[in-house]
Amino acid sequence: MANFDLDLFVIGGGSGGVRAGRLAAAMGKRVAIAEEYRFGGTCVIRGCVPKKLFVYASQFPEHFEDAAGYGWSSGETRFDWRTLVANKDKEIARLEGLYRKGLENAGARVIEGRAVITDRHTVQVGGETLTAENILIATGGRPNPHEALPGHEHCIFSNEAFDLPELPRSIAIEGGGYIAVEFANIFHGLGVETTLVYRGKEILNRFDGDIRRSLHEAMEAKGIRVICQDILEGVEKREDGRLDVRFKEREGMTFDKVMLAIGRIPNTEGLGLEAAGVETGVKGEILVDPYSRTNVENIWAIGDVTDRVQLTPVAIHEAMCFIETIFKGNPTQVDHDDIATAVFSQPEIGTVGLSEETAQKRYDELEIYRASFRPMRHTLSGRQEKMMMKLVVDAASRRVVGAHVLGPDAGELAQVLGITIKAGLTKDAFDRTMAVHPTAAEELVTMYTPTYRVRKGERVEG
């Protein structure tokens, strides 16, 4: 047996890397983890956590409006951007401290610096060289810089959006994925004139079609300009600092800021993957097997750097499967099926399982149950915004293969629905479940009759 300094060297201090490093160290393994910026990764530092805090901030104007219908008079309101940014920074610093403390308490060595692999068992970080029996790469991803766009250097990305020195009066956001959609709603809620530009026919590709269209309509009803089937062709900075934007299909416009949210790419440059012989894909993603092992037997990769599913809970799940496989003698494949997810738009989306469009390709006949209604919380406020719930059912087995919600607290509902879909429950189980009244969620167990059926890809009424 070769002698190594460590049992495990983790590169990257995001959610996946930290979970793997902490669990391995708690088992008594010799673990070091290197992070060149801040512990917490995309989720804590520049992703899920600050984004959700900004979502909360952006929802208050509607809460203040709705309060009047319930007898409340909220008086004059005022928003201070710098206070929000400062308080967000405090919370991130607190969470980063918890990540570090968890690692250190478990016995892992925390190293601040950029780690580079020099061969399959050796890593250099700073001026130090360490050997490890196993190396885990969890370096995450970053926004696609869109360098082909003339004037891209004048644009911001999601990273910078959290720390702007002041709130812009107007912004254009290019992209139609969940990051672009969420930030469009955030900026609009904070009083920014917002335009969303997407090259596709409809926002949120791969989400259920009914949900996509309904959110699009709701966003436009709020005052967000949504432009589909167009792209930015150039951005020029004016003397006053504002940005002139050229579009492919329409007249140009001028904005205070332009944000690019057209996907993310893996952080694999300069890691030394070539020296170790680790194979990567066309976008630079590290190629792994179902156990998260690369083509090099002792080098593994988890999280966004593999470009499998770019979600924090998925990276954590992959880390736990890695620990089971490598240190507990229990080879465990990563399960990427039926992952519940949420889009923190306004209204929210919560979804798990198959969209109707995807399910049509897998099953001969589907039953579609759909309800659209104004939730009780909007009745006295006078808000006309609708809520939608949809179940996609395989007619042969009666199994619910997809559940989709648009409306208040949809993300919370998605977590619970995720359990039911993962468990393979049938529509009959939903029907046997008593409703909780009065709630919006009771619609999920009271849709007894299909809205329509789909046979061989063709919609059949009744």
So for the chain, averaging the separation of alpha carbon pairs under 8 Å that are six or more residues apart and normalising by length, what relative contact order in percent results? 14 percent
What does the highest-first list of 241-249, 103-111 look like by mean Cβ count within 10 Å? 103-111, 241-249
For a quick check: with amide H placed at 1.01 Å from N, whose amide H comes under 5 Å from E128's, ignoring anything fewer than 5 positions away on the same chain? none
Cα convex hull volume per residue for segment 341-453, in Å³, equals 99 Å³
If I model a spin label as a point 7 Å beyond the Cα along the Cα-Cβ vector, how far apart are those points for R432 and D89 in nm? 5.6 nm
Once label points are set 7 Å from the Cα along Cα→Cβ at both T77 and N295, what is their separation, rounded to one decimal in nm? 5.5 nm
Order of S355, S170 from fewest to most other C-beta atoms within 10 Å? S170, S355
In Å, what is the Rg of the alpha-carbon atoms in segment 1-94, and how long is Dmax? 21.3, 75
Using a simple charge model, +1 on the beta-carbon of Lys and Arg, -1 on the beta-carbon of Asp and Glu, nothing else, what dipole does segment 139-216 show about its Cα centre, in debye to the nearest 20? 320 debye
What number, rounded to the nearest 500 deg cm²/dmol, is the helix-based mean residue ellipticity at 222 nm of the chain, given -39500 (n - 2.57) per DSSP H run of at least four residues and division by all its residues? -9500 deg cm²/dmol
Over segment 1-119, what is the mean sequence separation of C-alpha contacts under 8 Å (at least six apart), divided by residue count, expressed as relative contact order in percent? 36 percent
How large is the dipole of segment 307-462 about the Cα centre if only Lys and Arg carry +1 and Asp and Glu carry -1, each at its Cβ, rounded to the nearest 20 debye? 320 debye
Backbone N under 16 Å from the N3 label point (7 Å along Cα→Cβ), restricted to segment 113-130: 130
The summed charge of the T325 Cβ neighbourhood (under 11 Å; Lys/Arg +1, Asp/Glu -1) stands at -1
Arrange W72, W300 by Cβ neighbour counts within 10 Å, fewest through most, would you? W72, W300
Which trypsin sites (Lys or Arg not before Pro) from segment 312-390 combine a DSSP loop assignment with at most 16 other Cβ atoms within 10 Å? K328, R383
Counting only residues 5 or more places away or on other chains, whose amide H sits under 5 Å from the amide H of G151 once H atoms are built in the peptide plane? V235
Can you tell me the FRET efficiency between R398 and E217 if r is taken as the Cβ-Cβ distance and R0 is 22 Å, rounded to the nearest 0.05? 0.10
For I156, other-chain or 5+-apart residues with amide H closer than 5 Å (H placed, Pro excluded) are V258, M259, L260
With an 8 Å Cα cut-off and a minimum separation of 6 or more residues, compute the relative contact order for segment 376-435 in percent. 28 percent
Tell me, how many Å apart are the Cα centres for segment 1-63 and for segment 284-305? 18 Å
Between T118 and R142, what's the calculated FRET efficiency when r is the beta-carbon distance and R0 is 25 Å? Round to 0.05. 0.60
Additional length obtainable on full extension of the chain from E442 to E236, 0.36 nm per residue less Cα span: 69.0 nm
Between segment 201-272 and segment 390-457, what's the alpha-carbon centroid distance in Å? 32 Å
For segment 152-262, how big is Rg over Rh, using alpha carbon atoms and the Kirkwood form of Rh? 0.95
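FYI, it's all coordinate maths here, none of it is from the lab. The shown structure was predicted, so the numbers you read here are calculated from the model rather than taken from an experiment. Positions of Cβ are backbone-derived with ideal geometry, glycine not excepted, and every protein chain shown enters the neighbour counts.
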